[in-house]
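Chemist: Below: one structure in structure tokens.
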Amino acid sequence: MPELCSGIFFAYYLHYLAFGFAIFTLMMFKRLLTVIILMLSFATNAQEDIVAREYFSTGQFEKALSSYKNLYSKNTNNSGYLLKIIKIEQQLELYKDAEVRLVEAIAKRPAPDLLIELGYNYKLQKDTINAHIYYNKAIATVDQNPNNAFRVGRTFESLSLLEEAITTYKKAMALKPTLNFNIQLSRIYGEQGEVEKMFISYIDLIESSPNYINTIKRSISEFISEDDTNPNNVFLRKTLLKKSQQSQDLIWNEMLSWLFIQQKDYNKAFIQEKAIYKRQLESLDRLVELGLIAENQKQYDDALAVFNFIIENTQDTDMKLAGHQKVLQIKTKIALPKDYNTINNSYISVFDTYGKTPQTLELQINYAHFLAFYLNNQDEAISILKNTLKYNVSELDLAAVKLELGDILILEEKFNQALIYYTQIERNLKNSTIAQEARFRIAKASYYKGDFKWAESQLKILKSSTSQLTANDALDLKLLISDNRAEDSLQTALTKYAKADLYAFQNKNDKAILILDTILKEHKTEVIVPQALLKQALLFEKKQDFEKAKTNYLRIINDFKDSILLDNALYYLAQILVNQLAQPEEAKKLYENIIFNHSDSIYAVEARKKFRALRGDALN
């Protein structure tokens, strides 16, 4: 009997388990089915939303209206769908339908953005009285809660109701001084062309929130130009000067320095940067940056003044040496042969003070370059560099020495010896930027020797260099070789051009110009002619013979309209006309040519800036 009871109980238990499992399975199935239905519903809505947006963007407003009404009926809490319906009804001039819809929505949810939308709907019907009633109702919500200004102002801006947005933001700041809408106000003033108000608003923002300074500089830069007589520049300068006189905050000196840099008035920027440094006595980094900018813009006197100030004021030996290096590099750039001995004595004086040690390695490399390329003293240059190879310094530092050694050996036309140093760099620092530069110089050495096939094979690899500068140089040289090899099987003109290129590298500019002359006389129809004209023009510029350079550029522009060098010729000639020949109107035409006919040129952005500056645009 006990066995029978336990058997019945066990059977009942199994039946209960089976029933429970069936119930559990049914519940899970229902949940899974619900999830699937929800997912399908979501996917359907998402697809319908995409279709509705497509209809709207392509101007199929009736279809878009139908789609958005359907979407809104399924989700009446989605204000985005409601506003889309309103916009479409306004496009279709169904203003009464939009009005009814907005009134109903406001009755359910009296949000300020909906009040503005209703007011705007009246405006579209030219009912300005009702429009302003609802605008004012929306603005009145700021009285109750100043934080509403974010939403109200943004909605006004989206509908180009800029005066109402200004009123909103000003009211909120008056009611709650911790709120700051100066960035919004500045943007609106800019859109309205109220540049002075915009500047004042941005300056107020700098005063309250200095962290915005870089964003503000970017915004202001669109409204000033390089011309210091531009009314916008004048107003901004006066405002900043007044601030700097009223306040000891260095941020106004920083802004003035930035403005003077935009105007390329580096001496005035230097005055501001000195004031900042003398008050802080911390870092000279800002002055270093200013010096580099002035040097890059070929304002060498200003750059020298900055770097000499750094030398005199820094206590850091490395920075002092870097300052000496920049001063000597700049002096070398602008020197005449009669100045070379003075520069040489300056180098010797620095080495007398600091010695020839690993700490002065960079200066020694520069000095070796000066000796070899300017004083024609290659033996001493090579001796200095070989001595530095004994230093216990990094492989990267040694690579810089070897690169200069290779260049000096190329100068002496000892190509095979140069290749040894270049190859060592490539082997020891594989895939580095300097290794890729060494590989480019290996290719260029082969090109100088006339081994064009080998040079071209190396340049093909370098086209994909991680260093953009090396990649561009490699591509230019590869195109020069491949274009001329294809046209001239004997490569006569290319051989002459490579020799002229080598002479230019060796600072034998007169010899280079003479060889380029023979190319222009003897190979008049070949593809190398525009290249020779351009190279020769750049050498004329180096000799400050700007009229001859102009003649060459004009030949490219007039006779080689399909040349890939056309935009180079246009830009370089424009630069000469502005900076050397005082013919800005002629330059303006060339910049305009680049803007409209060579928009993909690397010079297009600069050409646009310079064209606008010459035209005297108020906005840059």
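Chemist: Which whole-number percent is the relative contact order of the chain (Cα, under 8 Å, 6+ apart)?
Modeler: Averaging sequence separation for qualifying contacts and normalising by length gives 5 percent for the chain.
Chemist: Students often get this wrong, so check it: of K449/K535; K69/K170; K63/K108, which have C-alpha atoms separated by over 30 Å?
Modeler: Beyond 30 Å between Cα atoms: K69/K170.
Chemist: If you count only protein heavy atoms and use a 1.4 Å probe, how large is the accessible surface of R109, to the nearest 10 Å²?
Modeler: 90
Chemist: Straight distance only, please: which lysines reach the Cα of K320 with their own Cα at less than 16 Å, same-chain residues fewer than 8 apart left out?
Modeler: K356
Chemist: Students often forget the sequence filter, so: which aspartates and glutamates lie under 14 Å Cα-Cα from K543 once same-chain residues fewer than 8 apart are removed?
Modeler: Partners found: D510.
Chemist: If I model the stretch 513-574 as equal point scatterers sitting on the Cα atoms and use the Debye formula, what is log10 I(q)/I(0) at q = 0.18 Å⁻¹?
Modeler: With one equal scatterer per Cα and no solvent, log10 I(q)/I(0) is -0.54.
Chemist: Right, another one. Remind me, relative contact order of the stretch 252-334 in percent, using alpha carbon pairs under 8 angstrom and six or more residues apart?
Modeler: Averaging sequence separation for qualifying contacts and normalising by length gives 20 percent for the stretch 252-334.
Chemist: What is the Å³ per residue value for the convex hull set by the Cα atoms of the stretch 470-542?
Modeler: That works out to 84 Å³ per residue.
Chemist: Under 8 Å for C-alpha pairs, at least 6 residues apart: give me the relative contact order for the stretch 115-259, rounded to a whole percent.
Modeler: Relative contact order of the stretch 115-259: 12 percent.
Chemist: Shifting gears a bit: Of the peptides 380-392, 265-277, how do they stack up when ordered by the mean number of other Cβ atoms within 10 Å, highest first?
Modeler: Taking the mean over residues of other Cβ atoms within 10 Å, the ranking is 265-277, 380-392.
Chemist: Cα gyration tensor of the stretch 228-320, axes a ≥ b ≥ c as square roots of the eigenvalues: rounded (a/c below 1.5), prolate (a/b > b/c) or oblate?
Modeler: oblate
Chemist: Out of every Cα pair in the stretch 49-129, what percent are spaced more than 18 Å from each other?
Modeler: For the stretch 49-129, the share of Cα pairs beyond 18 Å comes to 39 percent.
Chemist: Mind listing the phi-derived Karplus ³J(HN,Hα) values for the stretch 310-315, rounded to whole Hz, using 6.51, -1.76 and 1.60 with θ = phi - 60°, and x for any glycine or proline?
Modeler: Once θ is set to phi - 60°, the couplings for the stretch 310-315 become 4, 4, 6, 10, 7, 9 Hz.
Chemist: Going down the table (K243/K274; K561/K588; K460/K610; K430/K542), which pairs top 25 Å between alpha carbons?
Modeler: Result: K460/K610; K430/K542 exceed 25 Å.
Chemist: Could you work out how far helix 395-411 tilts from the main Cα principal axis of the chain, as a 0 to 90 degree angle to the nearest 10?
Modeler: Tilt of helix 395-411: around 50 degrees.
Chemist: Report, ordered by chain and residue number, the aspartates and glutamates lying within cross-link reach of K242, taken as a straight Cα distance under 15 Å and ignoring same-chain residues fewer than 8 apart.
Modeler: Within the straight-line limit of under 15 Å, K242 reaches these aspartates and glutamates: E196, D204, E207, E254.
Chemist: With the Cα gyration tensor of the stretch 332-384 giving a ≥ b ≥ c as the square roots of its eigenvalues, does the rule (a/c under 1.5 for rounded; else a/b larger than b/c for prolate; else oblate) give rounded, prolate or oblate?
Modeler: Judged from the Cα gyration tensor, the stretch 332-384 comes out oblate (a/c at least 1.5, b/c at or above a/b).
Chemist: In the chain, if the dipole is taken from +1 on Lys/Arg beta carbons and -1 on Asp/Glu beta carbons about the Cα centre, which of N345, S563, L118 is farthest to the positive end?
Modeler: Farthest towards the positive pole: L118.
Chemist: Counting helices only, and only those DSSP H runs with n ≥ 4, report the 222 nm mean residue ellipticity of the chain as the sum of -39,500 (n - 2.57) divided by its residues, in deg cm²/dmol to the nearest 500.
Modeler: So the helix-based figure for the chain works out to -26000 deg cm²/dmol.
Chemist: Once the Cα gyration tensor of the stretch 494-620 is diagonalised, what are the square roots of 5 times its eigenvalues, in whole Å and ordered largest first, as equivalent ellipsoid semi-axes?
Modeler: 28, 16, 11
Chemist: With equal scatterers on the alpha carbons only and no solvent term, can you work out the Debye log10 of I(q)/I(0) for the chain at 0.05 1/Å?
Modeler: -0.43
Chemist: I need the Debye-formula profile for the stretch 388-507: one equal scatterer per C-alpha, no solvent, reported as log10 I(q)/I(0) at q = 0.15, 0.22, 0.23 1/Å, two decimals.
Modeler: Taking Cα atoms of the stretch 388-507 as identical point scatterers yields -0.66, -1.27, -1.34.
Chemist: Ok, one more. How big is the dipole moment of the chain about its Cα centre under a simple scheme where the beta carbon of each Lys and Arg is +1, that of each Asp and Glu is -1, and everything else is neutral? Debye, nearest 20, please.
Modeler: Result for the chain is approximately 540 debye, rounded to the nearest 20.
Chemist: Follow-up question, since we're still on this one. Strictly over 20 Å apart at the Cα level, which of K550/K589; K463/K609; K453/K478 would you flag in this model?
Modeler: Going by Cα-Cα distance, K463/K609 fall outside the 20 Å limit.
Chemist: So what is the accessible area of the chain per residue, in Å², with the probe set to 1.4 Å?
Modeler: Ligands and nucleic acids excluded, the result is 54 Å² per residue.
Chemist: Let me ask something else. How large is the charge dipole for the stretch 317-378, taken about the Cα centre, if only the Cβ atoms of Lys, Arg (+1) and Asp, Glu (-1) carry charge, to the nearest 20 debye?
Modeler: The dipole magnitude comes to about 140 debye.
Chemist: Okay, next question. Along the positive direction of the dipole of the chain (beta-carbon charges: Lys, Arg +1; Asp, Glu -1; about the Cα centre), which of Q60, T525, A399 reaches farthest?
Modeler: Farthest towards the positive pole: Q60.
Chemist: With the full set of protein chains in place, find how many percent of the accessible area of the chain is carbon and sulfur; take the probe as 1.4 Å.
Modeler: 53
The values are calculated or read from the model by the stated rules, or taken from the named source; none is laboratory data. Note that the structure is predicted; figures quoted are calculated from it, not measured. No Cβ is skipped: glycine too gets one built from the backbone with ideal geometry, and neighbour counts run over all protein chains shown. Each accessible area value is taken on the protein alone, full model and side chains, heavy atoms only, with ligands, DNA and RNA left out. Shrake-Rupley method; radii C 1.70, N 1.55, O 1.52, S 1.80 Å.
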